[in-house]
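Take a look at the following structure, please.
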Amino acid sequence: MTEAVIALSDVSLTLGQGASSVHVLKGVSLEVLRGETAGIVGPSGSGKSTLLMVVAGLEKVDGGTVSIAGNVINGWSEDQIAAFRGKTVGIVFQSFHLIPNMTALENVAVPLELAGHPDPFAVAERELAAVGLRDRVTHYPGELSGGEQQRVAIARALAPDPQILIADEPTGNLDQITGKQIADLLFAKARERNMTLMLVTHDPSLAARCSRQIAMRSGRIEDAAETAPVRVPAE
């Protein structure tokens, strides 16, 4: 039986304090299997991005259990979680989050250097080539198109060879054609490496490509049914 690489049990999370506090997640329970692709959908403010941040260990929950790759991370220190995340979870954001005064190669090498990898730049160069940027390694983010910047971000997320890849609106800042190319790349890399891909999107066509759609509303999961994913042939 395929193991659950993400397992949340009765997870609750409140952000803010006092009158301004918001109960963002309300008793969320969810399992995502190794190699599965899960699209999180729902209206704005439903808790989709917060759910991703909990999986990444970037938000600490108030209650419930968070198990990632067989490790219950509740109660871990920030340093423990950061070290674990650096090896286990790759993150792709809507707005790329590249360091502007570093080249593409340096941006991809950063997490490897922080993890003490013996040859971070060789790995970074290989990952940039794998996302189609072999000739752009010395370019700075400001010299790259939006699609190229997102490819750098994907290469950076893939460089530590994580078990889980999470993406928060990965095509949200891109035009339709470029967005499709980035989506193709994400799904292809997840298949190649047998990674679990978990993404938040408002794009129904992108969600339809996932093996499961997880529908959220008002901090709760309404539905997490398996779907027949749309297969988009590589061009």
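In this model, which of Lys26/Lys189; Lys26/Lys180; Lys60/Lys180; Lys26/Lys87; Lys87/Lys189 are farther than 24 Å apart at the alpha-carbon?
Numbers: Lys26/Lys189 32 Å; Lys26/Lys180 33 Å; Lys60/Lys180 33 Å; Lys26/Lys87 29 Å; Lys87/Lys189 17 Å.
Over 24 Å Cα-Cα: Lys26/Lys189; Lys26/Lys180; Lys60/Lys180; Lys26/Lys87.
Specify the angular offset, from 0 to 90 degrees and rounded to the nearest 10, of the alpha carbon long axis of helix 146-158 from the longest principal axis of the alpha carbons in the chain.
So the inclination is approximately 70 degrees.
Over the chain, with the other protein chains present, what is the accessible area per residue in square angstrom, probe 1.4 angstrom? Kindly include the intermediate steps, with their values, before the conclusion.
Values: 11190 Å² over 235 residues.
Value returned for the chain: 48 Å² of accessible area per residue.
Further question: Per the Kirkwood definition applied to all pairs of different Cα atoms, how many angstroms is the hydrodynamic radius of segment 62-144? Could the numbers behind the result be given before it?
Details: mean 1/r = 0.0684 Å⁻¹.
So the Kirkwood estimate lands at 14.6 Å.
Okay, helix-only estimate at 222 nm for the chain: each DSSP H run of n ≥ 4 adds -39500 (n - 2.57), divide by all residues, round to 500 deg cm²/dmol; what do you get? Show your work: numbers first, answer last.
Working: 7 runs with 76 residues, N = 235.
Taking each H run of at least 4 residues, the total per residue is -10000 deg cm²/dmol.
What is the helix-to-structure angle for 176-193, meaning the angle in degrees between its Cα long axis and the longest Cα principal axis of the chain, kept from 0 to 90 and rounded to the nearest 10?
The answer is roughly 80 degrees.
Cut-off 10 angstrom, C-alpha nodes, Gaussian network model of the chain. Which of Glu148, Glu127, Glu192 fluctuates the most?
Highest fluctuation among the options: Glu192.
When the dipole is taken about the Cα centre of segment 1-114, and only Lys, Arg (+1) and Asp, Glu (-1) are charged at their Cβ, what size is it in debye, to the nearest 20? It would help to have the intermediate numbers written out before the result.
On the way: 6 positive and 10 negative charges, 38 e Å.
Its charge dipole is roughly 180 debye.
While we're looking at this one, here's another question. How large are Rg and Dmax for segment 1-146 when calculated on the C-alpha trace, in angstrom?
Rg then Dmax for segment 1-146, in Å: 17.8, 52.
Determine the share of segment 46-172's accessible area contributed by carbon and sulfur atoms, expressed in whole percent, with a 1.4 angstrom probe.
On the way: 2680 of 5490 Å².
Of the solvent-accessible surface of segment 46-172, carbon and sulfur hold 49 percent.
Using only Cα atoms, find the angle between the long axis of helix 78-88 and the longest principal axis of the chain, and express it within 0 to 90 degrees, rounded to the nearest 10.
Computed tilt is about 60 degrees.
The values are calculated or read from the model by the stated rules, or taken from the named source; none is laboratory data. None of the values given here were measured: they were computed from a predicted structure. Don't worry about glycine lacking a Cβ; one is built from the backbone with ideal geometry, like all the others, and counts go over all protein chains shown. Ligands, DNA and RNA are excluded from the accessible area calculation, which covers all protein heavy atoms including side chains. Shrake-Rupley method; radii C 1.70, N 1.55, O 1.52, S 1.80 Å.
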